[in-house]
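Okay, so here's the structure we're looking at.
Here, each number is a calculation from the coordinates, and none is a lab measurement. On a predicted model such as this, the values are computed, not experimentally measured, just so you know. We place every Cβ from the backbone using ideal geometry, glycine too, and count neighbours over all the protein chains shown.
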Amino acid sequence: MRRYGQLHQSGRILLLGMLRLNSAATALLAAILIASSCQCSLITDEQRILSALMSNYLPSTPPTMNRSKPIVVEVSFRLNQIIDLDERNQILTTNVFIEQKWNDTKLSWDSDAATKDTKLRISADKVWLPDTYVFNNADSRKSGFLRSVYVLLQPDGQVSWPVPDKLRTTCQVNIANFPFDYQKCRIRLGSWVHSRRQLVFLPRTMDGIDEMDYTDNSEWQLLSAKPFVRNRQLSFTGHLPKRLDKTGNQYVEPNRNYSDLVIELIIRRRSFFYVWNIILPCVMLSVLTLFTFRVPPDNCEKISMGLSVFLAFSMFMLLVAEQVPATSESVPLIGLYITVLMSMTTVSVIFSVCIVNLNHRGSKFRPPPRLLKRIFVDWLGRLLRVADSVEKAARQFEVV
């Protein structure tokens, strides 16, 4: 009986343990089923919406039913960084983020409380996209059309197309005031085939572009960046397309108007580098040019000093020529300054040669004419306040 009681008690303990283990497993299984059912219900809603939207949707058709009104594309332009401005090739490199939004009535759905905040992310090649083209594209590795992978859909039919990109665009550089110059560069976006009657680009705001994440450039300072809309007219000079008017008659449309969005960037060069490394040394060399006239006339180092200064100016001229584009439209301000200094140095070397030559001739030749003596000794000597020194030298060499 005692042994039977022990076995009965052990069986009760084992049964209670199995019941507890079964309860824990049941609770865990229920939690897994609840979580999976919630996740499956969310995925099912997205799949249901996508399958309903894409059942009869064609990406090649316009997103609006009313063909009489153009499709309005709102563009938000964010400038992240001005990477470089190549003055010689006149190419501006920027890091930008372009977001385009438009309404597609075919991609709207009735949202309930569970799906009112749902945003669908689908592949960009499955929906209609504007043929946005960068008209002043200078990157030979890209076609100029904006490309991205995904678009975002909202229940009201709004489509958002974010495009991060690195743009290389042409920029006409004006070097007249180099290195204290301002440059005006433009990035021009527009449709490649759709006219203004079919597609219109508008900026999100006319106050300016988004500069929240802008990173300063070490050489260029951004002064302003504003978007504006420009109408572009394309004239057909060859085969003109024929269209039908309201009465059914054919007519030729000689011109087409296109809507372009232009982002104008005004930047200023940071000139401290050029002032410190080019302008200040040139000023010091110009002072040395003046001191060549203080060298005694019987010293031939007078000419060597002038030639050394001239060669130094030539080196700085080569440095400036490497920075600016090879153009004949304008001469940079610093180049004109160095050219004037080189001209002054050339004149000083010529006068130094004449002075050394006259000094070595001495009194072996006849005295100068009275008119020449009156100009250089009387008038010019008094103007430069060296008349007494000239008279003394003239008496010494018996020129007078």
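Here are some notes:
- J(HN,Hα) series, the stretch 132-142, from Karplus relation 6.51 cos²θ - 1.76 cosθ + 1.60, nearest Hz, glycine and proline x: 6, 10, 8, 6, 9, 5, 10, 9, 6, 8, 10
- Length released on extending from Gln233 to Asp165, taking residue separation times 0.36 nm less the Cα-Cα span: 21.7 nm
- Placing a label point 7 Å from the Cα of Ser330 along the Cα-to-Cβ direction, the residues of the stretch 77-95 with a backbone N closer than 15 Å are 87-88, 90.
- Taking 7 Å steps out from each Cα toward its Cβ at Leu50 and Arg294 produces label points 8.4 nm apart.
- With Cα atoms defining each centre, the stretch 126-202 and the stretch 59-79 are spaced 15 Å apart in the structure.
- Beta bridge orientation in the stretch 71-270: antiparallel %, DSSP, nearest 5: 90 percent
- Protection proxy ranking of 72-81, 311-320, by the mean of other Cβ atoms within 10 Å over each peptide's residues and highest first, is 72-81, 311-320.
- Diffusion constant of the stretch 273-361 at 20 °C, which comes from Stokes-Einstein with the Kirkwood Cα-pair radius and 1.002 mPa s, µm²/s: 153 µm²/s
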